[in-house]
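Asker: Pasting a structure below so you can have a look.
The values are calculated or read from the model by the stated rules, or taken from the named source; none is laboratory data. None of these values were measured; they are calculated from a predicted model. Using ideal geometry, Cβ is built from the backbone for each residue, glycine included, and neighbour counts are taken over all protein chains shown.
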Number of protein chains: 2
Amino acid sequence: MMVFSEHNLMRELHQPGDKIVLLVMDGLGGLPMTPGGLTELEAANTPNLDRMAAEGSIGLSAPVRAGIEPGSGPAHLSLFSYDPLQYEIGRGVLEAMGIGFELGKADLAARGNFATAGPDGAITDRRAGRISTDECVRLVQKLRAATSDALPGYQVFVEPVQDYRFVLVIRGPGLGGELTETDPGVTGQPPLPVTDTSGTAEGEQTAALVNRWVALARETLKDEPKANTLNLRGLAKDPGLPHLTDIYGLRAAAIAVYPMYKGVARLVGMDVVDFTGDRPAHQIDALAQVWERYDFFFVHVKKTDSYGEDGNFDAKAHEIEAVDAVMPRILALNPGCVIVTGDHSTPARLRSHSWHPVPTLLWSPRAMPDTSERFGERACATGGLGIFHATNLLPQAMAHAGRLKRFGA
Amino acid sequence: MMVFSEHNLMRELHQPGDKIVLLVMDGLGGLPMTPGGLTELEAANTPNLDRMAAEGSIGLSAPVRAGIEPGSGPAHLSLFSYDPLQYEIGRGVLEAMGIGFELGKADLAARGNFATAGPDGAITDRRAGRISTDECVRLVQKLRAATSDALPGYQVFVEPVQDYRFVLVIRGPGLGGELTETDPGVTGQPPLPVTDTSGTAEGEQTAALVNRWVALARETLKDEPKANTLNLRGLAKDPGLPHLTDIYGLRAAAIAVYPMYKGVARLVGMDVVDFTGDRPAHQIDALAQVWERYDFFFVHVKKTDSYGEDGNFDAKAHEIEAVDAVMPRILALNPGCVIVTGDHSTPARLRSHSWHPVPTLLWSPRAMPDTSERFGERACATGGLGIFHATNLLPQAMAHAGRLKRFGA
């Protein structure tokens, strides 16, 4: 099937224009806690977002496909206009990108978890008692000393991430294949060997190489009180996504606190902005500082999702109010288009990501107003954007920012 | 372009969960009889469906594509998540499946219609005066006696269906091709020969074989007062659809009265439940009896469509009320998701299937409520499900029943 892809259309049509802000409240979508009640977003007092909804268009976005509950990686790819069913990204790549590791195209990356095993080798704690980041750094240094030169012809990098998590990167010739994880996914089972499912010689050699590293690393850790073993997950190479600059002609900046979101932003070619603080207000400080240097700004607010996962309806609603409070500062920068949405829903009632479509607000001086008077799930269900696939958002933002030429005569 | 198909996504993500009921009122969608009036569904008194609409989400489903008026076969395939533009099923296969014939993968099936021809061979009645089923059985026995051993190397099965309809199945080596029908579609014309349009040797041989059977069968019938000839339609083999168990991990049961709906249910791997009676209340008796043995239940109510075809607005509305009355019994079984919809619209005003999108109700304890207070076409047009392709329904039901794992990290 030959399809003239939307990305190629964007490559052909983009032109200079106004600036675009994509503000993502992670896990924004919610549910009423009791029948007939309000959602988190509906319950929050959001005078600024409501005014923007009245002036702009709202709707519901489906991140992956109808009924699919997405992880954060694919959900963000979708917001950046990359269909996650076409572009699959290994967790190891996201983690490496997230901590700012300069991953080469031929490097193999894996997410590592320190874990605890019993005397029979079965995993008793998949997170090694959730050890501290300091402890993680100590263990990583121990692994580096023992394993950095252990694979002749290859460079080995071990990097701490957070708590019990680290990143392993192997650099050298002929790495590839489709590699399985060592984590059995449950306690009471021994770790699994890495195997290759691609059936290629390259994959088989890479699996053998990784297994050698794993054996040596476990030997190094075996007398640790908690982290006496480890598992590897999401072994993959950088899939080499086309960048936003290439597709849309956008110089793009990410203003995010958590490593994984910085990672997925780097994958599509965004610069990651350094800043101090972790509140929405600090993020808008950073936005204002780099405003002149970029065309597109991805602002990622994490805590709406965290509170949803905790089942804390009120805290999630308050975090939404904290975002509402900074909206006038964004508008004061005179953007051509502001999108406020989530990557997926995380209803406090379900204490989990969910498949429900995500409330989305598109504000622009060029927007077609709909009948909405406020920003909330039910209002979005009858909004002027309709119910749409999240990959359609960025082209719409481009249009509203005056950044797309006419198609055809 | 390699696309990871939705069915493969379901294969990867499904997990055990709650039970799903898909209740299809055939031809549910309607139109006002006069400008400004209500549709059949809007006019019906449906307190239970209205309450479920208020608690759940509603919307409009497009069975095939915008503007397409579907037959019942493709419309049901779509509800079962098989795009009918990808999966074409011959009418003969549907009829054979519907009467419970154990169709082999290599068998050729055709729907047969007894008909009346004048002395010049032209068809004067395409349904042989709508002869009774008893008469059909007698004629089928006559055909069996004369034709069962008439094609050396092949087994021939002739089975009565209902009224003037029967099924022909030919079993043996090398059957195939793309075969045309003998029915000229109008009276005053002679029947057509079966021809092959695939251009394959297999197709040409199969067409010749079928034409030999047709000639012998017509010779056998030639002195009958009414059914002195016959036509064959929808000559095809079982396309071998993947089953719901394979794609979704669902043990699926069909509770239907009419053969054709049992047939399409069998094609996708459902067990067909035997039960006594033909009213919605009898179908819910059967549902309750098999509740523990299955995960997914397809309940098919036919008469909404029949009354629509008759132009009987009131009878169609009353049948909808009969379905409304059984809804509390379904909810009392504690399902995780109930979908109430039609396979297509059959407005009494048009006395025919139509292309209008179909009112759809999704009820679940995990549903996102929308602003709807009742179930009807106009309410569905602004419902939280939006206007969607019917193939998206089953993935959504899976999600609401807690049967899908998260996609990606």
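Asker: Against the conditions (1) free of Cβ contacts under 8 Å to residues at least 60 places away in the same chain; (2) within 28 Å of the chain's Cα centre (by Cα); (3) within 14 Å of A:LEU108 (Cβ to Cβ), where does A:THR206 fall short? Just the number, please.
Answerer: Tallying (1) free of Cβ contacts under 8 Å to residues at least 60 places away in the same chain; (2) within 28 Å of the chain's Cα centre (by Cα); (3) within 14 Å of A:LEU108 (Cβ to Cβ), A:THR206 fails exactly one: (1).
Asker: A further question on this structure: Test A:TYR164 against the stated conditions and say whether it is under 21 Å from A:TYR258 (Cβ atoms) and of a type in the set (Phe, Trp, Tyr). Write out each step before concluding.
Answerer: Values: under 21 Å from A:TYR258 (Cβ atoms): yes; of a type in the set (Phe, Trp, Tyr): yes.
So A:TYR164 fits the description; yes.
Asker: Go through the stretch A:1-25 residue by residue and tally those that are within 14 Å of chain B (Cβ to nearest Cβ) and touching a residue at least 12 places away in the same chain (Cβ under 8 Å).
Answerer: 2
Asker: Return the pair list, or none, for Cβ contacts closer than 6 Å from residues in the stretch A:164-187 that are under 13 Å from A:LEU103 (Cα atoms) to residues that are among the aromatic types (Phe, Trp, Tyr), at least 6 apart or on different chains.
Answerer: Listed pairs, sorted by first residue: A:VAL169/A:PHE157; A:ILE170/A:TYR154; A:GLY172/A:TYR154.
Asker: Where residues in the stretch A:79-99 are within 10 Å of chain B (Cβ to nearest Cβ) and aliphatic (A, V, I, L, M), which of them is surrounded by the fewest Cβ atoms within 10 Å (Cβ to Cβ)?
Answerer: A:LEU85
Asker: Could you check how many residues of the stretch B:366-397 are part of a helix (DSSP H, G or I) and either in contact with a Lys or Arg (Cβ under 9 Å, 6 or more places away or on another chain) or more than 10 Å from chain A (Cβ to nearest Cβ) (or both)?
Answerer: So the first thing to find is which residues in the stretch B:366-397 are part of a helix (DSSP H, G or I), and the list is B:377-380, B:390-397.
From the residues that got through so far, the ones that are either in contact with a Lys or Arg (Cβ under 9 Å, 6 or more places away or on another chain) or more than 10 Å from chain A (Cβ to nearest Cβ) (or both) too are B:377-380, B:390, B:392, B:395, B:397.
So the count comes out to 8.
Asker: Against the condition surrounded by fewer than 24 Cβ atoms within 10 Å (Cβ to Cβ) and either within 15 Å of A:SER57 (Cβ to Cβ) or not assigned by TED's automatic domain parsing to the domain that holds A:PRO259 (or both), how does A:PRO369 come out, does it pass?
Answerer: Details: surrounded by fewer than 24 Cβ atoms within 10 Å (Cβ to Cβ): yes; either within 15 Å of A:SER57 (Cβ to Cβ) or not assigned by TED's automatic domain parsing to the domain that holds A:PRO259 (or both): yes.
In short, yes.
Asker: In addition: Can you go through B:PRO74, B:PRO35, B:PRO84, B:PRO16 and tell me which one is touching a Ser or Thr at 6+ places or on another chain (Cβ under 8 Å) and more than 30 Å from B:GLY153 (Cα to Cα)?
Answerer: B:PRO84
Asker: Could you please find all residues in the stretch A:307-330 being touching a residue at least 60 places away in the same chain (Cβ under 8 Å) and not charged (D, E, K, R)? Talk me through it step by step, then tell me what you get.
Answerer: Pass one, the stretch A:307-330, residues touching a residue at least 60 places away in the same chain (Cβ under 8 Å): A:308-309, A:313, A:316-321, A:323-325, A:327-328, A:330.
Once the filter is applied, which keeps residues that are touching a residue at least 60 places away in the same chain (Cβ under 8 Å) and not charged (D, E, K, R), the stretch A:307-330 yields A:GLY308, A:PHE313, A:ALA317, A:HIS318, A:ILE320, A:VAL323, A:ALA325, A:MET327, A:PRO328, A:ILE330.
Asker: Mind listing whichever residues of the stretch B:83-142 are touching a residue at least 40 places away in the same chain (Cβ under 8 Å) and on the phi > 0 side of the Ramachandran plot?
Answerer: Matches in the stretch B:83-142: B:GLY100, B:GLY121, B:ALA128, B:GLY129.
Asker: Might you check whether a residue that is facing chain A (nearest Cβ under 8 Å), closer than 30 Å to B:ASN8 by Cβ, surrounded by fewer than 24 Cβ atoms within 10 Å (Cβ to Cβ) and at pLDDT 95 or above occurs anywhere in the stretch B:352-365?
Answerer: no
Asker: Here is a follow-up. Would you be able to say whether some residue in the stretch B:115-122 is under 30 Å from the mean Cα position of the chain (by Cα) and assigned to a helix (DSSP H, G or I)?
Answerer: no
Asker: Pull up the stretch B:138-188, narrow it to residues that are among the polar types (S, T, N, Q) and modelled with pLDDT under 95, then point me to the one that is nearest to B:ARG218 (Cα to Cα).
Answerer: Of all residues in the stretch B:138-188, those among the polar types (S, T, N, Q) come to B:141, B:147-148, B:155, B:162, B:180, B:182, B:187.
Among the residues that remain, those that are also modelled with pLDDT under 95 are: B:148, B:162, B:187.
Working: B:SER148: 14, B:GLN162: 20, B:THR187: 17 Å.
Taking the candidates together, the pick is B:SER148.
Asker: May I ask you to verify whether A:VAL323 is in the same structural domain as A:ARG266 (by TED's automatic domain parsing), in a strand (DSSP E or B), surrounded by 24 or more Cβ atoms within 10 Å (Cβ to Cβ) and under 23 Å from the mean Cα position of the chain (by Cα)?
Answerer: On the way: in the same structural domain as A:ARG266 (by TED's automatic domain parsing): yes; in a strand (DSSP E or B): no; surrounded by 24 or more Cβ atoms within 10 Å (Cβ to Cβ): yes; under 23 Å from the mean Cα position of the chain (by Cα): yes.
So A:VAL323 fails the test.
Asker: When you scan the stretch A:237-262, how many residues do you find that are surrounded by fewer than 21 Cβ atoms within 10 Å (Cβ to Cβ) and of a type in the set (A, V, I, L, M)?
Answerer: Counting residues in the stretch A:237-262 that are surrounded by fewer than 21 Cβ atoms within 10 Å (Cβ to Cβ) and of a type in the set (A, V, I, L, M) gives 2.
Asker: Now, a different point. Considering only the stretch A:40-73, state which residues are surrounded by 21 or more Cβ atoms within 10 Å (Cβ to Cβ), in a loop (DSSP other than H, G, I, E, B) and more than 8 Å from chain B (Cβ to nearest Cβ).
Answerer: Answer for the stretch A:40-73, where residues must be surrounded by 21 or more Cβ atoms within 10 Å (Cβ to Cβ), in a loop (DSSP other than H, G, I, E, B) and more than 8 Å from chain B (Cβ to nearest Cβ): A:ALA44, A:THR46, A:GLY56, A:PRO63.
Asker: In addition: Go through the stretch A:218-234 and give me each residue that's in contact with a helix residue (DSSP H, G or I) (Cβ under 9 Å, 6 or more places away or on another chain) and either part of a loop (DSSP other than H, G, I, E, B) or modelled with pLDDT of 95 or more (or both).
Answerer: A:GLU219, A:THR220, A:LEU221, A:GLU224, A:LYS226, A:ALA227, A:ASN228, A:THR229, A:LEU230, A:ASN231, A:LEU232
Asker: Since B:HIS400 meets every condition but one in (1) within 10 Å of chain A (Cβ to nearest Cβ); (2) buried (at least 23 other Cβ atoms within 10 Å of the Cβ); (3) in contact with a helix residue (DSSP H, G or I) (Cβ under 8 Å, 6 or more places away or on another chain), which condition does it not meet?
Answerer: (3)
Asker: Among the numbered criteria (1) touching a strand residue (DSSP E or B) at 6+ places or on another chain (Cβ under 8 Å); (2) within 12 Å of chain B (Cβ to nearest Cβ), which one does A:GLY342 miss?
Answerer: Of everything listed in (1) touching a strand residue (DSSP E or B) at 6+ places or on another chain (Cβ under 8 Å); (2) within 12 Å of chain B (Cβ to nearest Cβ), A:GLY342 misses just condition (2).
Asker: Kindly indicate whether A:HIS76 is surrounded by fewer than 19 Cβ atoms within 10 Å (Cβ to Cβ) and either in contact (Cβ under 8 Å) with a residue 40 or more places away in the chain or of a type in the set (A, V, I, L, M) (or both). Full working, then the answer.
Answerer: On the way: surrounded by fewer than 19 Cβ atoms within 10 Å (Cβ to Cβ): no; either in contact (Cβ under 8 Å) with a residue 40 or more places away in the chain or of a type in the set (A, V, I, L, M) (or both): yes.
No, not satisfied.
Asker: Another one. Taking the stretch A:26-36, which residues are modelled with pLDDT of 95 or more and within 10 Å of chain B (Cβ to nearest Cβ)? Walk me through how you get there before you give the answer.
Answerer: Residues of the stretch A:26-36 modelled with pLDDT of 95 or more: A:26-33.
Matches in the stretch A:26-36: A:GLY29, A:GLY30, A:LEU31, A:PRO32.
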